[in-house]
Amino acid sequence: MTFQWLLAWRYLMGRKQRTILTTLAIVFGVLVIFGMNTFMPTFVKAFQTQVMAAAGQVDVTLTHKIGEAFDPSVLEKVRAVDGVEVAAGSLERVINLPADYFDRDPNAVDRISAVVLKGIDPEVARQMIAYNIVEGRFLEPGDTHAAVITRSLAREVGVQLGGTLSLPTAIGVVDLKVVGILPERMMPGNEEVLVTLSEAQQLLNMPGKINIIDANLNTMDEARRAEIQQRIIEAVGSNYKVGALESGSEILTNIRNAQMIFNLMGFLALLMGGFIIFNTFRTIVAERRRDIGMLRALGASRSTIRWMILAEGLIQGIVGTAAGLVLGYVFGYLILQLIVPIGQQYLNIKVGAPEVSPSLVVTSIILGVGVTVLAGLLPAQSASRVTPLEALRPSVGGVSFRRIAGFSFWAGVVLLALAAGILVSRQAALLGLGAILMSVALILMAPALINPIANLFGYLLALIFARNGTAQLAEGNLSRQPGRATVTASTTMIAMAVVVMMASVLTSLSLTFVNIMEKSLGSDYLLMPPTLAVWGSNTGAAPDLAQKLREIPGVALVSTLRFAGSQIKDVAVGVLGIDPQAYRQLDGLTFTSGDPDSAFTALEQERAIIVNGVLSSAAGIHLGDEVTLVTPTGEQTYRVVGIATDYLNAKTTTGYISQKNIAADFGRDEDVFYQINLKPGADRAEVEAAFTRLLKNYPQFKLLNGKAYVEENRKMFDAVFFSMYAMAAFLAIPSLIAMVNTLAIGVLERTREIGMLRAVGATRRQVRTVILSEALILSAIGTAFGILAGLYMGYMAVKTFEALGFPMTYIFPASGILSTVAIGIIFGALAAMAPARQATRLDVVEALRYE
Amino acid sequence: MESMVVTENLTKVYGKGETAVTALKGINLSIGQGEFVAVMGPSGCGKSTLLYLIGGLDRPTEGKVYLDGQELSTLTDNQVTEIRRRKMGFVFQFYNLIPVLSALENAALPMILDGVPVARAHERARLWLERVGLSDRLDHRPAELSGGQQQRVAIARALAHEPLIILADEPTGNLDSRAGDEIATLLRQISSEWGRTILMVTHDPRIAAYADRIVFLKDGKIVDQTHLNGNAQEDTRTVREKMEVL
Ligand SMILES: Nc1ncnc2c1ncn2[C@@H]1O[C@H](COP(=O)(O)OP(=O)(O)OP(=O)(O)O)[C@@H](O)[C@H]1O
Ligand SMILES: [Mg+2]
């Protein structure tokens, strides 16, 4: 046993440069896995709070059964429950305002007749819900007489940032300074005034009390959640009641999807790390065949050889993992620091140091060392099969490559077909499998394809470096060693696939989001009912309001929505009545199947319905189906003429029919939502004043400047996407370094050959060109394959979101691909630079001797 | 005399079909214990192949090899490996040494592989390196040695664990005549004084003349055998004449 270690150690030390490079591969594998996980929980949590905030919800809300305030000690009990991620206590009371409190105008309708004074613990509350501050700052623990309010409240009461909001309280009228502004309130209920908990306790004269506890749980698993809720009830006693986020709700689904994507990225990182390490050992075995043969000839048994390679793997695995842990932490820290400024402002991530749990360290070590040993297993096995003859008559075995290449090519074709099948089936659950199949398929097909591709690129390079004829030499080198070339190119492929996939998903995600948001909310003005989530609870207005709005000078278009509740196959459906022509002009629907022209025409002429993504997947509805809607007058059959989604109703099962039909079948003719566009050059101030006058009689509607709203929200999305890009970079940068590493090893491996070239009269310049050409050919092949695989994976990911009812349009990441090609070339050249320099400086005599 | 090596109808075919090369065609050879046999013949006649088959490094296409009474083809890979480690010493034509090990460690390799304590293995290796004249190169790596020095390390390695049989493929090929003579004398001594069996391939009639018997190979067949009488000059002349005939 000790002998294996000695030999392993000698080989490692004997080729320091190589050892450093290969250990680096392990370091990067561990770095990605470990580093990503140190900030992933923070990130996922932030994402979660963000989504929660968008819906104004937390996992669990605890109140006293009869609504009384209680002692904060209960909070400690909740926090102590296993499974509670974070819990915050707050004190909330509705403050009813005297008539004309804000507008001091007895003639005007009071739009704000009450507000909720909410005392919170600023630090903990931000961990629960992402408060998206658009102006000023959030509350800080020591604040006194400071309040944070929404943009809409600020407008209604006419205060600005830094201004004063006076509220009647238990201790008289108090002036609060507005220190921060939140986005417009779109949720039902009264406007909230946020103050610190101690402030609220003072103002409401309830010293040392809270009346609500909000908690977020640490799991998305439904059974676990129920269990934790049960435990909370047991912990606090029967005097309290728990309200919980409904299981299976859209928010949970969305968060799960996001986590799935994150897991996929982690998996890819692992796959790549393992692959790089595998490649390393494969190279080690390949170039050491002669030594291994000699050892065998002298009486080393197969298991001795196997252990020698594994011992090497273990040493490198341990050293690499240790370094990877340290660097991963540092990298995670740096990424977090990068996100901090944005994080603090928009995402409200409380960033400290990366989170390192003992289990993460253990997992990383197991993965790092384990993957290394595992990756070394196959090469070790093949090393143990090296016959003594290898030492004496080398270069046996080149013959069988052709057969293997042929076999693996067809195996690859089969896997590719499977991957394509998964793509067609659009099974969300198979996304990960498809990604693996696709990469494995390409890796398998690579050996057979490498020759023709190398020939092609060799030809191209020959044109470029026409004069010295060295490109052919490089191409020849690759064709002679297709195995090695395959592995190097495959590593590049995975690295590039990661980049392209990220680009696909992120471009599609961000553009789709912003597009849909702009389409749905981007009209000049919106008249919003108190709640968007529950259309049915809104009181609408008779059609004459729309008519009056249209008559206001400067108004170009008024599109309204009417609502009725219904059912398709036991699925509750919100039916929205639209004016097809007007709605069409707003372009609010994003079609995933069906064509807008015929769909809107059909809506006007017959009982036709457009269903949204969530509904189509919930009720299994396809384009062209006939569906039966439950109406107050009996069942009615509608033809599905399109599947399309708008932003506001993206998450609820919704169908769109004409207002004529909703009147005929559901007897509804009140408008609950208005979208208004102005004529070009209309005087906004004047139009707005006219709206306000008109809306005095319709206090149920809130006037909203759509464009401004979109702008405000876009900042939030930008921040989310920026963090996603940061994470993509986190995965991509090590991949690229690993690729450079692999290419560099490929050159190092050939020191002797290069020495021979120099010996027979190749100039330094020629040698440099050979190496450069080779690296470029390899990275070109890898990049080409990587783009293919990445496009597939990106498309799969986007389609998966879509299949889950999330409105996404696949956007071909053209710029992503261009940059990938550029990156491929740059890194290919970069990879060649150091080894090329070294090769040209090579001492010919040294190279021709033993290594 | 008891036989250390016996081959029966030993045949080796490389490759298949049209490109098949028959390297050995039914070799029947018997080498006695303590006998020193040299194999000669033109390049490509199958000398190395014969050595590899006897050394259990490759498997014959047909025929059998008995070593110390055991038929090699009936043994498992691990058993053959163990025999190589314990009973055989090899000197190959090219690339003999492990590049990352020092001369001393290379020479001690078979013993280390066999589990001999390092101190003892090194002691023996040092002794044999001194005998081949490398006492001042113990800690050098192969890359720091000349071709001839590398070959001498290989010889020390083949002898250090005192195997029953030594298989040497051109052991003196890279040495000058004086160094070659020293090695040949050493082999002669090992054979006559310690009773080790030696099978040596060589091109050099002068070196072959140290052997007890010379086997002449041509196109994979034994074409002639000569027992030598121990007179170096006479023997060398005989060998020269025979070689010319081939
Ligand atoms: N792996 C192989 N595949 C095909 N033919 C082989 C192989 N190895 C050896 N040969 C052929 O077998 C024959 C015998 O080879 P061998 O190496 O035994 O010759 P040799 O007598 O040792 O020659 P030299 O004196 O040049 O070392 C040669 O013709 C050689 O070309
Ligand atoms: Mg030979």
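The values are calculated or read from the model by the stated rules, or taken from the named source; none is laboratory data. Note that the structure is a prediction, hence the values are computed from the model and not measured. Backbone-built Cβ (ideal geometry, glycine too); neighbour counts: all protein chains shown. SASA here: full protein model, heavy atoms, side chains in, ligands and nucleic acids out. Shrake-Rupley method; radii C 1.70, N 1.55, O 1.52, S 1.80 Å.
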Tally time: how many residues in region B:46-56 are within 15 Å of ligand 1 (Cβ to nearest atom), under 16 Å from B:VAL6 (Cα atoms) and within 12 Å of chain A (Cβ to nearest Cβ)? 5
Kindly provide the set of residues from region A:662-692 that are of a type in the set (S, T, N, Q) and surrounded by 23 or more Cβ atoms within 10 Å (Cβ to Cβ), ordered by number. A:GLN675
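Out of the residues in region B:23-45 meeting the condition of being open to solvent by 10 Å² or more (accessible area, probe 1.4 Å) and near ligand 1 (Cβ under 8 Å from one of its atoms), tell me which one is farthest from the other protein chains (Cβ to nearest Cβ). First the steps, then the outcome.
Filtering region B:23-45 down to residues open to solvent by 10 Å² or more (accessible area, probe 1.4 Å) leaves B:23, B:25-26, B:28, B:30, B:33-35, B:42-44.
When the remaining residues are screened for being near ligand 1 (Cβ under 8 Å from one of its atoms), the result is B:23, B:42-44.
On the way: B:ALA23: 11, B:PRO42: 18, B:SER43: 14, B:GLY44: 13 Å.
Per the criteria, the residue is B:PRO42.
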Could you go through region A:507-525 and let me know if any residue there is at pLDDT 80 or above and assigned to a loop (DSSP other than H, G, I, E, B). yes
Matching helices (runs of 4 or more DSSP H) fully within region B:36-140 where at least 1 residues are small (Gly, Ala, Ser), touching a strand residue (DSSP E or B) at 6+ places or on another chain (Cβ under 8 Å) and within 16 Å of ligand 2 (Cβ to nearest atom): B:47-54
With B:ALA108, B:ALA119 as the choices, which residue is more than 9 Å from chain A (Cβ to nearest Cβ), under 27 Å from B:ARG141 (Cα atoms) and surrounded by 19 or more Cβ atoms within 10 Å (Cβ to Cβ)? B:ALA108
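List the helices (runs of 4 or more DSSP H) inside region B:156-246, counting only whole elements, that have at least 3 residues being among the basic types (Lys, Arg), away from chain A (no Cβ under 14 Å) and away from ligand 1 (no atom under 16 Å from the Cβ). Can you show your working first?
Values: elements: B:177-194, B:205-208, B:232-245.
In region B:156-246, B:232-245 are the helices (runs of 4 or more DSSP H) which contain 3 or more residues that are among the basic types (Lys, Arg), away from chain A (no Cβ under 14 Å) and away from ligand 1 (no atom under 16 Å from the Cβ).
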Return a yes/no flag: does region B:71-85 have any residue that is away from ligand 1 (no atom under 16 Å from the Cβ), touching a residue at least 40 places away in the same chain (Cβ under 8 Å) and more than 10 Å from chain A (Cβ to nearest Cβ). no
Name the residues in region A:599-624 that are surrounded by fewer than 18 Cβ atoms within 10 Å (Cβ to Cβ) and either within 16 Å of A:VAL571 (Cα to Cα) or modelled with pLDDT under 85 (or both), would you? A:GLY620, A:HIS622
Among the residues of region B:167-179, is any within 16 Å of B:ILE198 (Cβ to Cβ) and of a type in the set (S, T, N, Q)? yes
Having 1 or more residues that are without any contact (Cβ under 8 Å) to a residue 24 or more places away in the chain is the bar; report the strands (runs of 3 or more DSSP E) wholly within region A:550-643 that clear it. A:626-631
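I'd like to check which helices (runs of 4 or more DSSP H) are fully inside region A:278-388 and have at least 3 residues that are at pLDDT below 80 and in the same structural domain as A:LEU31 (by TED's automatic domain parsing).
By residue number, A:302-342, A:358-384.
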Consider region A:281-298. How many of its residues are open to solvent by 10 Å² or more (accessible area, probe 1.4 Å) and more than 14 Å from every other protein chain (Cβ to nearest Cβ)? 2
In region B:57-70, how many are surrounded by fewer than 16 Cβ atoms within 10 Å (Cβ to Cβ) and within 16 Å of ligand 1 (Cβ to nearest atom)? 3
Residues satisfying the stated conditions in region A:217-232, i.e. modelled with pLDDT of 80 or more and in contact with a helix residue (DSSP H, G or I) (Cβ under 9 Å, 6 or more places away or on another chain): A:ILE232
Please go through (1) within 16 Å of ligand 2 (Cβ to nearest atom); (2) open to solvent by less than 70 Å² (accessible area, probe 1.4 Å); (3) under 28 Å from B:GLU2 (Cα atoms) for B:LYS218 and return the number of the only condition it doesn't satisfy. (2)
Some residue of region B:92-105 being without any contact (Cβ under 8 Å) to a residue 40 or more places away in the chain and more than 10 Å from every other protein chain (Cβ to nearest Cβ): yes
Please specify each residue of region A:389-412 satisfying the condition of being surrounded by 14 or more Cβ atoms within 10 Å (Cβ to Cβ) and at pLDDT 80 or above. A:PHE409, A:ALA411, A:GLY412
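Restricting to region B:1-22, and then to whatever is part of a strand (DSSP E or B) and of a type in the set (S, T, N, Q), can you tell me which residue is nearest to ligand 1 (Cβ to nearest atom)?
The selected residue is B:THR22.
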